[in-house]
Structures are given as C-alpha cells and as structure tokens.
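Chemist: There's a structure below that I have some questions on.
Computed from the coordinates by the stated procedures, all read-outs in this text should not be read as laboratory data. Everything numeric here is computed off the predicted structure, so don't read it as measured data. Quick reminder, even Gly has a Cβ in these numbers, built from the backbone with ideal geometry, and neighbours come from all protein chains shown.
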Amino acid sequence: MPKNTENNIDQDNENQINGENPTQNTDNSANEESFSASNSVPLDNAGEEILDDVRAILEKDPLETAKQEVAELKDKYLRLYADFENFRRRTSKEKLELLSNASADVIKLILPVVDDFERAKVSFDSSVDTVALKEGVDLIYTKLYKTLESKGLKPMESKGAAFDVELHESIAQFPAPSEDLKGKVIDEIEKGYYLNDKVIRYAKVIVGA
C-alpha cells in the first residue's frame with residue numbers, strides 16, 4: 001500500500017476519534033451564515049413607522065400632553081355650551097311666538113262680539129224699545145260665551161257642593177240653613193272657571209257653618 005494512502009486513512013481515523021465530521025461542519029457554517037443574513041435584513045416601512053410612533057410617545061412631555069388634552073376638552077365644552085345657548089334661545093323664542101299667536105287667535109274670535117257691542121251701544125242711544133235691546137244684549141252674551149267655550153272655557157258649578165280648597169275661595173261663613181248644608185257652599189259671589197279642565201279662576205263662595 002502507498003504511503004500517502006496510509007496517511008489519509010490515519011487522518012480520517014483520527015478525525016473520527018476526535019468526533020469531527022466534515023459534512024456537519026459545513027452545515028453549521030451554512031446555518032450561521034443564514035442566521036446572520038436574516039438578522040441583517042432591514043425593517044420594512046410599517047415597522048419603521050411603528051418604531052417612530054413608539055419613540056414619539058416616549059419622548060413626548062407628559063405636561064404638554066396634559067395641556068393638549070385640557071385644550072381639547074375646553075374646546076368641546078365651549079362648543080356644547082354654545083349649542084345649548086342657541087337651543088335655549090330658540091325654544092324661548094318659539095314659546096313666546098306660540099303664546100302670542102294663541103292670544104291673537106282668541107282676540108280674532110272676540111272681535112266680532114266687540115263689533116256687536118258697539119252696534120248695541122248705538123241702539124241704546126237711538127231706540128226706546130227696551131225689550132228689543134234686552135234681546136240684543138242676550139244674543140251678544142250668548143255669542144261671547146259660545147266663543148269662549150269653543151276655546152275650552154267651562155264654568156264651575158259650586159253652589160250646594162262641598163267646600164274644596166282646590167276649587168273654592170271662601171270669603172265668608174254664614175250659619176247653614178240646614179244640617180246637610182254645613183261645610184258646603186250656600187252662595188256663590190263670583191263664578192269659577194276651568195280652561196281645558198284646569199282651574200283658571202277659583203270660585204268666591206260663602207260657606208255654611
């Protein structure tokens with residue numbers, strides 16, 4: 001056997017004894033180069049933007065952040081307050097207009113009655129027929145009453161009813177003519193009225209004692 005061949009065999013045996021494997025060493029070197037290459041790959045644009053945002057948050061002054069938040073809240077408050085003031089003024093104006101229009105409607109309905117009274121006044125000066133004048137006044141009264149009734153006005157029936165502080169205003173107490181009239185209204189001085197079932201004027205009454 002040649003001497004060179006013997007030397008190669010001895011070298012291989014020595015490598016095997018020392019646990020060295022030429023193929024394994026080659027693979028390890030390739031993995032290390034691959035790992036180094038992967039670590040050296042630069043971040044994409046999205047990654048750079050995220051890092052920039054994180055740096056900006058870390059570098060931002062907390063006091064400046066608080067001031068900015070306060071300014072934003074103040075701006076929102078002022079806007080809400082302005083909207084509320086506009087709403088309040090608008091509703092107040094609408095309420096006044098509603099009341100004004102309601103009064104105007106009632107006045108328009110009463111004006112024909114006023115015209116009738118003016119004509120009746122002229123008749124009083126020129127006519128001596130008291131019966132006809134009385135009938136004319138009764139017609140005007142009925143017309144006025146029907147006009148107000150159409151707007152929800154209703155008279156209160158108090159005489160003979162039990163005294164009720166929610167409906168009546170006692171101006172005097174007289175001895176009751178009978179036992180069953182004690183604590184009840186025995187006379188009505190001024191009639192009370194409802195408007196749409198709400199008391200708008202209390203009845204002034206005399207109560208039996």
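Chemist: Exceeding 32 Å between C-alpha atoms, which entries from my cross-link table qualify? They are 134/182; 134/204; 95/134; 121/159. Show your work: numbers first, answer last.
Modeler: Values: 134/182 38 Å; 134/204 28 Å; 95/134 42 Å; 121/159 34 Å.
Check vs 32 Å cut-off fails for 134/182; 95/134; 121/159.
Chemist: Rank the residues 77, 202, 141 as a footprinting-exposure proxy: fewest other Cβ atoms within 10 Å of their Cβ go first. Write out the running numbers ahead of the final one.
Modeler: On the way: 77 10, 202 18, 141 13.
Fewest to most other Cβ atoms nearby, the residues stand as 77, 141, 202.
Chemist: What list do you get for 128, 205, 122 if you sort them by fewest beta carbons within 10 Å?
Modeler: Working: 128 7, 205 26, 122 10.
The fewest-first ordering by Cβ neighbours comes to 128, 122, 205.
Chemist: Under 18 Å between alpha carbons, and skipping anything fewer than 8 positions from residue 76 in its own chain: which lysines qualify?
Modeler: 67
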